[in-house]
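Some notes on the structure that comes next.
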Amino acid sequence: MTTNTLPTRRVEFVLDLMCAHSYVGFARLSRAARRYRDQGGEVRVVFRPFQVVPDAPAEGRPLYDVHKEVFGEEEARTIAADTSFGAADGIEAHFDRAVHVNTFEAHRLLAVASAQGRGEQMAERLFRAYLTDGLDIGDADTLRRLAAETGVEPVTGGAEELRARLAEVRRAGVTSVPQFLFDTGRTISGAQPEDTFRTALEGPVSTV
């Protein structure tokens, strides 16, 4: 039986579910958290929503088409052909079939899942649905199916609260993701190495 001798840690994870780097950062944080939990500690991950493209249409479209418009066809082809992204972290990336979509409803589902104690499971499933499975994570039927897979009971409402949280994150000056705010007083920006997350979890709590 493991004795809990480590303090409970709280991590605020600012993310967008259509952000591949957020997925990588989450994978590394998850491994660091698993190790910390295995040592007898607890880690509470609090998800803070951010939208990289807040005005993206609700109807999904191929990510390739978006990249082609923004970067040009050659760069779009290069990105679509890249299957190495995230491989070292166990992520199977398929940019060639990813669907670019407004992530508002996906964030709302993540908030519902978090309230039901399944936030981390839901985040992983949504990330994987987007980057690996090529699913439209803005589609209502798709989200209901993913919720069922993860054991989350969908509920209505929460849109206004989500808008308030999105605005709050923007007011805090966040302009890119991922960001990780630890109760140890440390902030990590970007998908840093796993050891960086482990150090942040194991460090002393800031008294400032």
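The values are calculated or read from the model by the stated rules, or taken from the named source; none is laboratory data. Owing to the predicted nature of the structure, the values given are computational and were not obtained by experimental measurement. Methodologically, a virtual Cβ is constructed for each residue, glycine included, from the backbone with ideal geometry; neighbour enumeration extends over all protein chains shown.
Screening the candidates Val24, Val53, Val43, Val70 for the property of being hydrophobic (A, V, I, L, M, F, W, C) and without any contact (Cβ under 8 Å) to a residue 24 or more places away in the chain yields one hit, Val70. Name the residues in the stretch 141-154 that are free of Cβ contacts under 8 Å to residues at least 12 places away in the same chain and either under 25 Å from Ser84 (Cβ atoms) or in contact with a Pro (Cβ under 8 Å, 6 or more places away or on another chain) (or both), would you? Matches in the stretch 141-154: Arg144 only. For the stretch 188-206, the criterion of being in contact with a Gly (Cβ under 8 Å, 6 or more places away or on another chain) and in a helix (DSSP H, G or I) is met by at least one residue. Does Ala80 qualify as being over 30 Å from Glu202 (Cα atoms), modelled with pLDDT of 95 or more and either among the small types (Gly, Ala, Ser) or crowded, with 20+ Cβ neighbours inside 10 Å (or both)? Against the criterion (over 30 Å from Glu202 (Cα atoms), modelled with pLDDT of 95 or more and either among the small types (Gly, Ala, Ser) or crowded, with 20+ Cβ neighbours inside 10 Å (or both)), Ala80 qualifies. Exactly one residue out of Gly41, Gly60 is farther than 18 Å from Gln192 by Cα, more than 20 Å from the chain's Cα centre (by Cα) and buried (at least 18 other Cβ atoms within 10 Å of the Cβ), and it is Gly41. Number of residues in the stretch 8-38 that are assigned to a loop (DSSP other than H, G, I, E, B) and exposed (fewer than 15 other Cβ atoms within 10 Å of the Cβ): the value is 1.
Among the residues that make up the stretch 84-92, is at least one of them among the polar types (S, T, N, Q), modelled with pLDDT of 95 or more and in contact with a Pro (Cβ under 9 Å, 6 or more places away or on another chain)? The answer is no, given that none of the residues of the stretch 84-92 is among the polar types (S, T, N, Q), modelled with pLDDT of 95 or more and in contact with a Pro (Cβ under 9 Å, 6 or more places away or on another chain). Taking the criterion of being under 12 Å from Cys19 (Cα atoms), aliphatic (A, V, I, L, M) and in contact (Cβ under 8 Å) with a residue 60 or more places away in the chain, the only residue of the stretch 99-111 that qualifies is Val101.
Candidates in the stretch 175-208 are the residues that are buried (at least 16 other Cβ atoms within 10 Å of the Cβ) and β-branched (Val, Ile, Thr); of these, the one that is modelled with the lowest pLDDT is Thr184. Residue-level check: of (1) within 21 Å of the chain's Cα centre (by Cα); (2) under 30 Å from Leu162 (Cα atoms); (3) loosely packed, with under 12 Cβ neighbours inside 10 Å, Ala87 misses just (2). Within the set of pairs 6+ apart or on separate chains, which have a first residue in the stretch 112-140 that is of a type in the set (Lys, Arg), a second that is surrounded by fewer than 21 Cβ atoms within 10 Å (Cβ to Cβ) and in a helix (DSSP H, G or I), and C-beta atoms under 7 Å apart? Listed pairs, sorted by first residue: Arg118/Thr150; Arg125/Glu149; Arg125/Thr150.
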